[in-house]
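Every number in this text was worked out from the coordinates using simple rules, so none of it is lab data. Owing to the predicted nature of the structure, the values given are computational and were not obtained by experimental measurement. Quick reminder, even Gly has a Cβ in these numbers, built from the backbone with ideal geometry, and neighbours come from all protein chains shown.
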Amino acid sequence: MKRKNEYLPIVSLVEKFIWESQRGKRLQKNGAIISATTIQNYKSLLVNLKKFEENSQKQWLFNIRYTYTKLGFLKEKQHYKNFYLKFTGFLYSIGQVDNTVGAHIKVLRTAILYSITSKGYEMGLFYKDFYARKEDIPVIVLNQHQLKFLIHDKEFEGKLSKNLKVIKDIFVIGCAIRLRFSDLLGLRKINIERIGESIYIVNKSKKTNTFTRIKIPQYVEVILKKYRGKQKSLLPPITLVNFNKNLKKIALLAEWTDETGKIRSKRGVRKDIKRQKAQSIVFATIFRAMLCEELLLPRC
């Protein structure tokens with residue numbers, strides 16, 4: 001008897017993938033749980049899939065009981081191609097660039113592969129045609145004069161509000177020990193190690209699951225003492241959005257408002273993004289990489 005096709009909405013497939021990742025039913029290859037940051041990336045894909053379907057006024061269904069026939073193969077291949085082109089086209093239309101679109105596609109491929117291997121869905125290998133573009137984005141860093149200015153200039157520090165002083169301190173420590181933002185704000189007393197007269201930060205990266213031991217300079221030790229005992233973590237809590245927003249304020253006060261150009265790729269084609277004088281500042285450019293938590297804090 002010929003087996004009947006069975007169709008599942010792609011949104012439902014991704015929702016199930018996220019649900020099982022959140023609850024520990026799906027783990028990393030080394031058995032570790034999926035991090036909260038990674039889950040957030042999954043949810044970002046889901047949000048955009050729902051917007052895509054709402055915009056196109058169509059629910060995209062995929063055959064999870066695909067059986068090969070010559071005609072069926074061609075039909076299924078075209079269906080995946082149409083979805084890919086229209087979904088990526090939608091993402092580009094709302095202003096996303098190659099790196100962001102590529103990140104969504106990688107998650108989508110992972111979700112489909114997981115469904116095939118763990119749920120027994122027979123979806124073929126068409127998802128492998130979902131290629132993900134990527135571009136390397138240059139990171140602009142502070143020069144040593146600028147960093148020394150932030151560390152030692154008491155007159156400038158006196159101009160900052162209490163909140164901006166905290167932001168400056170966190171930024172300076174970040175430049176010194178070069179941790180991802182999530183790791184930096186997650187440091188606790190247990191992460192401090194003393195060996196003789198030297199003090200080290202010992203940390204296990206949330207993203208890579210690797211250990212690092214970093215000797216901290218004296219000026220970082222002085223900053224950390226300011227926040228000792230005020231909270232469980234070594235540094236005051238703050239969201240990444242507010243952190244970057246306040247960094248811009250500090251840069252404006254320091255008169256670091258050099259104009260910088262921005263070029264991003266869409267479908268592999270490099271395009272200029274509108275140049276901004278007051279907002280296209282050195283701090284914003286430095287922490288652009290931290291917004292997606294892909295790169296380490298820059299070496300200053």
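For the residue pair S12 and H152, what label-to-label distance in nm results when each label sits 7 Å from Cα along the Cα-to-beta-carbon direction?
Calculated label separation equals 6.6 nm.
Would you work out if segment 7-129 is rounded, prolate or oblate? Take a ≥ b ≥ c from the square roots of the eigenvalues of the alpha-carbon gyration tensor; rounded if a/c is under 1.5, else prolate when a/b is larger than b/c, oblate otherwise.
Values: a/c = 1.89, a/b = 1.13, b/c = 1.66.
In terms of gyration-tensor shape, oblate.
For the pair S233 and R65, how long in nm is the line joining their label points, each one 7 Å along Cα→Cβ?
4.9 nm
Per Stokes-Einstein, at 4 °C and 1.567 mPa s, what whole-number D in µm² s⁻¹ belongs to segment 57-160, with the Kirkwood radius over Cα pairs as the hydrodynamic radius? Walk me through the numbers on the way to the answer.
Working: Rh = 17.5 Å.
The estimated diffusion coefficient comes to 74 µm²/s.
Can you give me the C-alpha center-to-center distance between segment 70-89 and segment 36-55, rounded to a whole angstrom?
After rounding, the separation between the Cα centres reads 21 Å.
Please work out whether segment 30-83 counts as rounded, prolate or oblate from its C-alpha gyration tensor, where a ≥ b ≥ c are the square roots of the eigenvalues and a/c under 1.5 means rounded, while otherwise a/b larger than b/c means prolate and anything else oblate?
Numbers: a/c = 3.84, a/b = 1.52, b/c = 2.52.
It comes out oblate by the Cα gyration axes.
Report the label-to-label distance for K43 and K29 in nanometres (one decimal), using points 7 Å from each Cα along the Cα→Cβ vector.
According to this spin-label approximation, the distance is 2.7 nm.
Relative to the present Cα-Cα distance, how much length would full extension add between R133 and K159 at 0.36 nm per residue of separation? Don't skip to the answer; put the middle values down first.
Details: separation 26, 0.36 × 26 = 9.36 nm, distance 4.42 nm.
Working it through step by step, the gained length comes to 4.9 nm.
Classify segment 63-116 as rounded, prolate or oblate, taking a ≥ b ≥ c as the square roots of the eigenvalues of its Cα gyration tensor: rounded when a/c is under 1.5, otherwise prolate if a/b is larger than b/c and oblate if not.
Values: a/c = 3.93, a/b = 1.74, b/c = 2.26.
Since a/c reaches 1.5 but b/c is at least a/b, the shape of segment 63-116 is classed as oblate.
Taking the Cβ of E193 as the center, what net charge do the other residues with Cβ under 11 Å away carry, scoring Lys and Arg +1 and Asp and Glu -1?
Values: positive: K189, R194, R213, K215; negative: none.
Counting the neighbours of E193, the net charge comes to +4.
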